[in-house]
Amino acid sequence: MKKIILILTNVFILCTLNAQTKTELIDRLFSYYNQNGMFNGIVLVAENGVITYNKAFGFSDYENKTPFKTDDVFAIGSITKPITATAIMILKERNLISYDDKLSKYFPELPEAASNVSIKNLLTHSSGIPDYRSRKFGIFKLPVITQDTAYKTIYNNFNLLFEPGTSYSYSNSNYMLLALIIEKITGISYRNFLQQNIFDLCNMNSCFVNDGLYDSIPNRVNGYSYYWNKTDYDLKNKAYGDGSTYSTITDLFLFDQALYSNKLLSEETLKEAYDFSKYLETNRGYRYGLGWRIIDNEDGRNIVAHRGALGGFKSLLWRDVKNKNTLIILSNNWWLVETPEIISGAQNIMENKEYVKAKISVQALFLDNWYIHGFDAALQKVCDVYSNAPDQYNYSEDLLNNLGYYFIYSRNEPQYAKKIIEYALEIYPESDELWDSLGEMNSILNNKNDAIDCYERSLKLNSDNENAKQKLKEIKVNK
């Protein structure tokens, strides 16, 4: 049965705080994940506005083992949204816009429902406008996603999910439309408005928007999707406002600091942006203000943050507004989102809370060794570690099963997938799912008798396995 590749980290190591400093704990956390093949990127910590930690882990170019440099540029994905929101708030302070302005004022061609959607609804993801990046709209099939194709997707699918202001639904469409509104009001491009009114004022010399002007990005690090599969997917995304911004970690810190100095916005404007009481609850433990996730307001600290993900790039900008503490993580591989304990652990350290470390994933162990030493050596490493130190690793059935499917559907190497599942069955011999998977792999390899045997074993363990029943019928008919 085909599996969705998913990293499960359901076994943790509980870590308690002691007299160690935040930077010591942060260093220990990220060193742990990097040394075990689960993090590659740069981490910055500032306390009371002073950088106390800025360290790179791993490589900007994994193939050539090129270390990161301080001026390396990353795609920051949805961290663009707080920047777009800042631009809108600048226009509001200049009395060029009102949060109550309706979408129809700027886009009269949109359906009548646009007259019920306000700029504030766009800022807070309470508009009900579907996400143009949803796979059901097919925009990902295009060779390049432009602002024009993004807008046409919104226009052609403008059916509100709910009455504006009554619910929350994260949608990239909201911020793509805000970027167009900025252009309509100012008469200049979104890229130039940000450059003149934010980036230049903050001395953010390496931060820029790729709105179609660039086919390559100066000092861009390589992005990697599922483990070390290099991808340039970010370069194909040229729609803006919601993403397509690039930055160094230093430039993001300069943006963070500028928000404290009234260089960009007044204290009153930012207080409204972070006001926990004004915005809708979500089912994810935060509220979404004006461009920011408001994580915790119980003790008056106003903790706000935003994550970003685009192609192989993952990122976090976390801010304790009251204490002027900052955490920035820029990564060029997938582990940052697939192992949620990385971000939650770092955030908890910043908040002086206990945290958990995920056990080392057997996928990370295997893939790290496979990339360097080859398949057989990697599988032997997994076998040896399981025999000698099983408690240090997460050897879940699902992880091993998903690893097998990676070699089928990402690499088209079913012979290797078969070996992994056969090994997994040595650990979980009573798993109907693994026998089902081995049946599929034998079927792909045209080992029909072996496939029949595997599906029958799966059904003995789980008589309700409809996939195995169907596959048996198909094989026997075509045998």
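For the range 324-344, what are the residues that are β-branched (Val, Ile, Thr) and either in a helix (DSSP H, G or I) or within 14 Å of GLY77 (Cα to Cα) (or both)?
Selection gives ILE328, ILE329, VAL337, ILE342, ILE343.
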(request) State all residues of the range 154-168 that are at pLDDT below 95 and open to solvent by less than 40 Å² (accessible area, probe 1.4 Å); if no residue qualifies, say none. (result) PHE158
(message) Can you confirm whether GLU456 is assigned to a loop (DSSP other than H, G, I, E, B), open to solvent by 70 Å² or more (accessible area, probe 1.4 Å) and in contact with a helix residue (DSSP H, G or I) (Cβ under 9 Å, 6 or more places away or on another chain)?
(response) no
(message) If I filter the range 111-156 down to residues being assigned to a loop (DSSP other than H, G, I, E, B) and over 25 Å from the mean Cα position of the chain (by Cα), which single residue comes out as farthest from ARG191 (Cα to Cα)?
(response) PRO111
(request) Would you confirm whether any residue within the range 53-63 is surrounded by fewer than 21 Cβ atoms within 10 Å (Cβ to Cβ), of a type in the set (Asp, Glu), within 30 Å of ARG220 (Cβ to Cβ) and within 28 Å of the chain's Cα centre (by Cα)? (result) yes
(request) Look at ILE427 and say whether it is of a type in the set (A, V, I, L, M) and either open to solvent by less than 20 Å² (accessible area, probe 1.4 Å) or at pLDDT below 90 (or both). (result) no
(message) List the strands (runs of 3 or more DSSP E) inside the range 233-323, counting only whole elements, that have at least 2 residues being in contact (Cβ under 8 Å) with a residue 60 or more places away in the chain and open to solvent by 40 Å² or more (accessible area, probe 1.4 Å).
(response) 303-310
(request) Check ALA85, ALA150, ALA113 and return the single one that is farther than 29 Å from LYS314 by Cα and open to solvent by less than 40 Å² (accessible area, probe 1.4 Å). (result) ALA113
(request) State which residue pairs qualify: first residue farther than 19 Å from GLU109 by Cβ and inside the range 178-202, second residue β-branched (Val, Ile, Thr) in any location, beta carbons under 6 Å apart, and separation of 6 or more residues or different chains. (result) TYR190/ILE182; ARG191/VAL209; PHE193/ILE182; PHE193/THR186; ASN197/ILE90
(message) Report every pair of residues separated by at least 6 positions or lying on different chains whose Cβ atoms are under 7 Å apart, first residue within the range 436-451 and basic (Lys, Arg), second modelled with pLDDT under 95 and open to solvent by less than 60 Å² (accessible area, probe 1.4 Å).
(response) LYS448/ILE475
(request) Restrict the check to the range 434-446 and report whether at least one residue is out of contact with any Leu (no Cβ under 7 Å at 6 or more places or on another chain), assigned to a helix (DSSP H, G or I) and charged (D, E, K, R). (result) yes
(message) Which numbered condition in (1) under 22 Å from PHE199 (Cβ atoms); (2) open to solvent by 20 Å² or more (accessible area, probe 1.4 Å); (3) in a helix (DSSP H, G or I); (4) not β-branched (Val, Ile, Thr) is the only one that LYS105 fails?
(response) (1)
(request) State yes or no: is TYR190 open to solvent by 10 Å² or more (accessible area, probe 1.4 Å) and either touching a Cys at 6+ places or on another chain (Cβ under 6 Å) or of a type in the set (Ser, Thr, Tyr) (or both)? (result) no
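Here is a yes/no grid of residues against (1) modelled with pLDDT of 90 or more; (2) touching a Phe, Trp or Tyr at 6+ places or on another chain (Cβ under 7 Å):
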{"site": "ASN323", "(1), (2)": "yes, no"}
{"site": "LEU365", "(1), (2)": "no, yes"}
{"site": "ALA389", "(1), (2)": "no, no"}
{"site": "ASN394", "(1), (2)": "no, no"}
(message) Condition first: part of a loop (DSSP other than H, G, I, E, B), at pLDDT 90 or above, within 27 Å of LEU254 (Cα to Cα) and not aromatic (Phe, Trp, Tyr). Can you find one or more residues in the range 29-46 that meet it?
(response) yes
(request) Can you tell me which residue within the range 355-380, out of those that are closer than 26 Å to GLU341 by Cα and among the aromatic types (Phe, Trp, Tyr), is surrounded by the most Cβ atoms within 10 Å (Cβ to Cβ)? (result) PHE366
(message) I'm trying to understand the selection: among the residues of the range 215-240, which are of a type in the set (Ser, Thr, Tyr) and within 22 Å of GLY41 (Cβ to Cβ)?
(response) SER216, TYR224, SER225, TYR226, TYR227, THR231, TYR233
(message) Among the numbered criteria (1) over 35 Å from the mean Cα position of the chain (by Cα); (2) open to solvent by less than 50 Å² (accessible area, probe 1.4 Å), which one does ASP436 miss?
(response) (1)
(request) Could you tell me whether any residue of the range 401-413 is over 20 Å from SER225 (Cα atoms), open to solvent by less than 10 Å² (accessible area, probe 1.4 Å) and not hydroxyl-bearing (Ser, Thr, Tyr)? (result) no
(request) Could you check, for the range 409-423, whether at least one of its residues is aliphatic (A, V, I, L, M) and either over 29 Å from MET38 (Cα atoms) or not in a helix (DSSP H, G or I) (or both)? (result) no
(message) For a quick check of your reading of the model, give me the residue pairs whose first member lies in the range 394-412 and is small (Gly, Ala, Ser), whose second is assigned to a loop (DSSP other than H, G, I, E, B) and open to solvent by 20 Å² or more (accessible area, probe 1.4 Å), with beta-carbon atoms closer than 9 Å and at least 6 apart or on different chains.
(response) SER396/LEU8; SER396/ASN10; SER396/VAL11; GLY404/LYS3; SER410/ILE5; SER410/TYR226
(message) Name the single residue that is most open to solvent (accessible area, probe 1.4 Å) among those in the range 117-147 being among the charged types (D, E, K, R) and in contact with a Phe, Trp or Tyr (Cβ under 8 Å, 6 or more places away or on another chain).
(response) LYS120
(request) Hey, could you check the range 199-219 for residues that are at pLDDT below 95 and acidic (Asp, Glu) and say which is least open to solvent (accessible area, probe 1.4 Å)? (result) ASP211
(request) Go through the range 62-100 and give me each residue that's more than 23 Å from LEU29 (Cα to Cα), in contact (Cβ under 8 Å) with a residue 24 or more places away in the chain and acidic (Asp, Glu). (result) GLU63, ASP71, GLU93
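The values are calculated or read from the model by the stated rules, or taken from the named source; none is laboratory data. Quick caveat, the model's predicted, so the values are computed rather than measured. With ideal geometry, Cβ positions are generated from the backbone for all residues, glycine too; neighbour counts draw on all protein chains shown. These accessible areas exclude ligands, DNA and RNA; they are computed on the full protein's heavy atoms, side chains included. Shrake-Rupley method; radii C 1.70, N 1.55, O 1.52, S 1.80 Å.
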